[in-house]
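Read through the structure below, which is laid out as structure tokens, and then see the notes.
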Amino acid sequence: MATYTTSAPFYDHIYRLKDYQAEVRKLLRFIEGFMPVQGAGKTLLDVACGTGAHLVFLARYFDCIGVDLSEGLLEVARDKLPSIPFHQGDMRNFDLGQTFDVVTCLFSAIGYVQTVDGLRQSITAMARHVAPGGVLIVEPWFHPDGFIDGYVFSELIETPELRLARMSVSKIRDGRSLIDVHHLVATAAGVTHFTELHEMGLFTQEDYMQAFTDAHLQTTHDEKGLTGRGLYFGVRSVS
């Protein structure tokens, strides 16, 4: 699983154009279909929270906790949101020993578990943290027929202190997407180059639905979701 080690300090620059606030507005509307958002004591766990960019806005409505595998990303999140507890953990087997009204796993982070077995383990671990009557919300990575083999990408990020060029080539291998990303970073300290390989599972809708069902959640799917990749919902029975 990719852990954003070297790129962690640049993560928020890389995704500077992602409209987290608009995504949270959409997310709140989905959540309100399952439970009231307003009210004291509402709790939310964000799995694979990254630098906490969604939590900046979710914390206005929920008592939040974040979990991520990458200590580098968590370091950024803790600096950004010092009042929110953050824990290092693997989404396949983490256990915080408590439950939440809402558990989220956004920005397609679920793809990093790579295999269908990893998907099932992760959904089971997340479902274990959903309170009775609560909801698990997972934003998927691409389905197998939605990912472009051989896709070439490039961008240049410019700030007063930083120039960052990113280039990547995407491949499909054995049911997984492999994105080989090269970074060229220039600061006052000099120019550095590093690479990261992002290997993510291309799961079918049936894979997701079955993983939710196996975790004893009442499961639904919204085809569009927050960003066009869809959302999967699993509700924990009250009984």
Answer with one residue from V102, I137, V37: the one whose Cα lies farthest towards the positive end of the charge dipole of the chain, charges on Cβ with Lys, Arg +1 and Asp, Glu -1.
V37
Of L197, L58, H87, whose Cα points farthest to the positive end of the dipole of the chain (charges on the beta-carbon: +1 Lys, Arg; -1 Asp, Glu; origin at the Cα centre)?
L58
Starting from the Cα of K42, draw a straight line to each of the aspartates and glutamates and keep only those under 18 Å, dropping any in the same chain fewer than 8 residues away.
E32, D63, D101
Would you order Y112, Y61 from fewest to most other beta-carbon atoms within 10 Å of each residue's own beta-carbon?
Y61, Y112
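What GluC sites (Glu not before Pro) in segment 188-226 are in a loop by DSSP, with at most 13 other Cβ atoms within 10 Å of the Cβ? Spell out each step's value before the answer.
Working: sites: E196, E199, E206, E223; in loops: E223.
Loop-located and lightly packed - E223.
Looking only at the chain, where both bridge partners belong to it, what percent of the DSSP beta bridges are antiparallel (to the nearest 5)? Let's see the in-between values first.
Details: 40 of 56 bridges.
Counting only bridges with both partners in the chain, antiparallel ones make up about 70 percent.
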Fully extended contour minus Cα-Cα distance, from T204 to R78, at 0.36 nm per residue
41.9 nm
With respect to the cross-link table entries K80/K224; K18/K80; K26/K80, which display a Cα-Cα separation exceeding 27 Å?
K80/K224
q = 0.10, 0.12, 0.15, 0.18 Å⁻¹, the chain: log10 I(q)/I(0) [Debye, one scatterer per Cα]:
-0.47, -0.67, -1.06, -1.49
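In debye to the nearest 20, how big a dipole does segment 147-201 give about its Cα centre with +1 on each Lys and Arg Cβ and -1 on each Asp and Glu Cβ? Write down the numbers at each step before the final one.
Values: 5 positive and 8 negative charges, 16 e Å.
Here the size comes out at about 80 debye.
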When V102, V24, V238 are ranked with the fewest other C-beta atoms within 10 Å first, the list becomes V238, V24, V102
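Can you check what the net charge comes to around Q98, using other residues whose Cβ is under 13 Å from the Cβ of Q98 (Lys, Arg +1; Asp, Glu -1)?
Numbers: positive: R128; negative: D63, D95, D101.
With Lys, Arg at +1 and Asp, Glu at -1, the net is -2.
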Using only Cα atoms, find the angle between the long axis of helix 205-214 and the longest principal axis of the chain, and express it within 0 to 90 degrees, rounded to the nearest 10.
50
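Net charge within 12 Å of R229 by Cβ-Cβ distance, Lys/Arg positive one each and Asp/Glu negative one each, not counting R229 itself? Provide the component values of the computation, followed by the final result.
On the way: positive: K224; negative: E23, E139, D222, E223.
Result for the local shell: -3.
What ranking do R16, R176, R163, R236 get, fewest neighbouring Cβ atoms within 10 angstrom at the top?
Values: R16 9, R176 18, R163 13, R236 22.
Fewest-to-most Cβ neighbours within 10 Å comes out as R16, R163, R176, R236.
Mean residue ellipticity at 222 nm from the helices of the chain, using -39,500 (n - 2.57) per DSSP H segment of n ≥ 4 over the full residue count, to the nearest 500 deg cm²/dmol? Let's see the in-between values first.
Details: 6 runs with 53 residues, N = 239.
The helix-only estimate for the chain comes to -6000 deg cm²/dmol at 222 nm.
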Magnitude of the charge dipole, the chain, Cβ model with Lys/Arg +1 and Asp/Glu -1, debye to 20:
420
Need one word for segment 53-185: rounded, prolate or oblate. Basis is the Cα gyration tensor (sqrt eigenvalues a ≥ b ≥ c); a/c below 1.5 gives rounded, then a/b vs b/c decides.
oblate
Value of relative contact order over the chain, rounded to a whole percent, pairs C-alpha under 8 Å and six or more apart:
18
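State the percent of C-alpha pairs, over all pairs in segment 147-201, separated by a distance greater than 18 angstrom. Provide the component values of the computation, followed by the final result.
Values: 593 of 1485 pairs.
For segment 147-201, the share of Cα pairs beyond 18 Å comes to 40 percent.
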Using only Cα atoms, find the angle between the long axis of helix 20-32 and the longest principal axis of the chain, and express it within 0 to 90 degrees, rounded to the nearest 10.
10
Around V169: net Lys/Arg minus Asp/Glu count, Cβ-Cβ under 11 Å:
-1
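Each reported figure results from applying straightforward, stated rules to the coordinates on display, with no laboratory input. Model, not experiment: these values are computed from the prediction. Neighbour counts are summed over all protein chains in view; Cβ atoms, including those assigned to glycine, are modelled from backbone coordinates with ideal geometry.
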